[in-house]
1. Could you do me a favour and compute the accessible area per residue for the range 100-159, 1.4 Å probe, result in Å²?
2. Please report the carbon-and-sulfur percent of the accessible area for the range 83-150; probe 1.4 Å, protein heavy atoms only, DNA, RNA and ligands left out.
3. So for the pair Leu52, Ser32, with labels modelled 7 Å out along Cα→Cβ, what separation do we get in nm?
4. Using the Karplus curve 6.51 cos²θ - 1.76 cosθ + 1.60 with θ = phi - 60°, work out ³J(HN,Hα) for each residue of the range 140-149 in order, rounded to whole Hz, and write x for Gly and Pro.
5. Step through the residues of the range 34-46 one at a time and calculate ³J(HN,Hα) from phi using the Karplus curve (6.51 cos²θ - 1.76 cosθ + 1.60, θ = phi - 60°), rounding each to whole Hz and writing x for Gly and Pro.
Amino acid sequence: MGRTDTRTEKVRLAMAVPVSDVHPVLRRATASPAALDLLTQAHLGLTEAAALDAPHERYATAHLAALRTAAAVLAARGRPEDTPRRRRRIRSVWEVLPEIAPELSEWSALFAAGAERRARAEAGISTAAGPREADDLVRAVSMFLRLVERMLLLRPALDGAAPLIPAPSAD
């Protein structure tokens, strides 16, 4: 009887712990911890972008979330460049991404086209992006992020559930 009471007490205590304090176990994830961290940062950036009022700030923050998402793909799938000449040249993530993940070439082209606008927006130029451009980019980055999560097997392809990447606690 004492053993059953102990188990019941453990279950009761475990259920009393707030969900945010429980460390989730990623069972299907094939991504490295670095990739998961980048995806978490991308989610946070996208959430921040959606809440910003100034369109140029929303655009720059959303584009940064796209960069972090692409960096997660490189962290998960990346491989060293094979020639010394290629290693010496610094290349944009948008140049490297199609080589590592050809299925993301169109996304890479889309975000590469917005890099100059992001630079102007980050410099504080309020005319760099209007409300429509910022909103369109937030939506595109959201789709890109979900696609990358699915590609890296972080959640089933057809569910509407939240990502399996743990959100940082507010503590």
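The values are calculated or read from the model by the stated rules, or taken from the named source; none is laboratory data. The model shown is predicted, which means the values in this text are computed figures rather than measured ones. Cβ placement follows ideal geometry from the backbone for every residue including glycine, while neighbour counts extend to all protein chains displayed. Accessible surface is based on the protein model in full, side chains and every heavy atom, while ligands, DNA and RNA are left aside. Shrake-Rupley method; radii C 1.70, N 1.55, O 1.52, S 1.80 Å.
1. 54 Å²
2. Values: 2190 of 4090 Å².
Looking at the range 83-150 in its full context, I get 53 percent from C and S.
3. Using points 7 Å along Cα→Cβ, the separation is 2.8 nm.
4. 5, 5, 4, 5, 4, 4, 4, 4, 5, 4
5. 5, 5, 4, 5, 5, 5, 4, 4, 5, 4, 5, x, 5
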